[in-house]
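Visitor: Pasting a structure below so you can have a look.
The values are calculated or read from the model by the stated rules, or taken from the named source; none is laboratory data. Since the structure is predicted, the reported quantities are computational estimates derived from the model, not experimental observations. Because the Cβ atoms are built from the backbone with ideal geometry, glycine has one as well, and the counts that use them run over all protein chains shown. Side chains are part of the model used for accessible areas, which takes the heavy atoms of the whole protein and leaves out ligands, DNA and RNA. Shrake-Rupley method; radii C 1.70, N 1.55, O 1.52, S 1.80 Å.
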Amino acid sequence: RDVFAKFDAKMLEKENHKENGVTGSFGIQQAKQDNFSFNAGWFLETSRIQTFDAGSSTNRLTGPFFEAEFDNRNDILDPSRGGVIGLRMRPLTGLVSNEASYFLELESHGSWNFSIDQKSDHVMAVRGRLGSIVSTQIDHVPDNHRFYSGGAGSVRGYGTQRIGPRDQDNNPRGGRFVFEAGLEYRQKLWKNLSGAIFGETGLISIDPTPEHSDVF
């Protein structure tokens, strides 16, 4: 196990906000051992968020975090067997727009690959993502901590962060609940050239525990 400390300065422009700030984290980490790894420690953030529909806010947040991952893929870039399962938990407290705020971030993700033939020329893969942010109000969760979906690595066929509720200017609002699922079939065509057919779906909700009717 190793002790780590990390600090980042951010100047980002997302689909619905601009972010300037500094984040830091420190704690302990366990490198992959028997396909398992984890990080645990303390997180700090001070940021200024400029949204495209509601002005700007200054946020100061802090809290512990825990992340764990199981990964037994035979190849990180082009896996044909095995998969990865990850969990993340982070309760945060502090000030959001100069108001006291507390929320709990919970998220899990996973993917698994199945080789249909011995040469692994035909591979089936499934993946999923599930997360919830527990808070009393959506406004207590800054835009840079909300869930978004759509785009590469998420639900392909949709624009980046374009799944979910929108503001009056049609910009993504983000949410406190995310669900994604995908099924993919990959086939080697010639040497290092492969083709894939996939189907994916996703849901973003403002509520941390949405009803069945909350489909966007």
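Visitor: Restricting the search to the range 2-16, which residues are surrounded by 14 or more Cβ atoms within 10 Å (Cβ to Cβ) and either out of contact with any Pro (no Cβ under 8 Å at 6 or more places or on another chain) or in a strand (DSSP E or B) (or both)?
Guide: Matches in the range 2-16: Lys14 only.
Visitor: Can you report the number of residues in the range 60-80 which are in a strand (DSSP E or B) and either over 20 Å from the mean Cα position of the chain (by Cα) or within 30 Å of Tyr185 (Cα to Cα) (or both)?
Guide: Residues meeting the conditions: 6.
Visitor: Just one of (1) open to solvent by less than 30 Å² (accessible area, probe 1.4 Å); (2) farther than 30 Å from Asp121 by Cα trips up Pro79, so point out which.
Guide: Failed condition: (2).
Visitor: Taking Gly41 and the conditions (1) open to solvent by 40 Å² or more (accessible area, probe 1.4 Å); (2) in a strand (DSSP E or B), which numbered condition does it fall short on, given that it satisfies the others?
Guide: (1)
Visitor: Could you please let me know if Leu183 is farther than 16 Å from His109 by Cβ and either open to solvent by 80 Å² or more (accessible area, probe 1.4 Å) or among the β-branched types (Val, Ile, Thr) (or both)?
Guide: It is false that Leu183 is farther than 16 Å from His109 by Cβ and either open to solvent by 80 Å² or more (accessible area, probe 1.4 Å) or among the β-branched types (Val, Ile, Thr) (or both).
Visitor: Within the range 17-29, identify whether any single residue is under 25 Å from Ile163 (Cβ atoms), open to solvent by less than 80 Å² (accessible area, probe 1.4 Å) and not in a strand (DSSP E or B), and answer yes or no.
Guide: no
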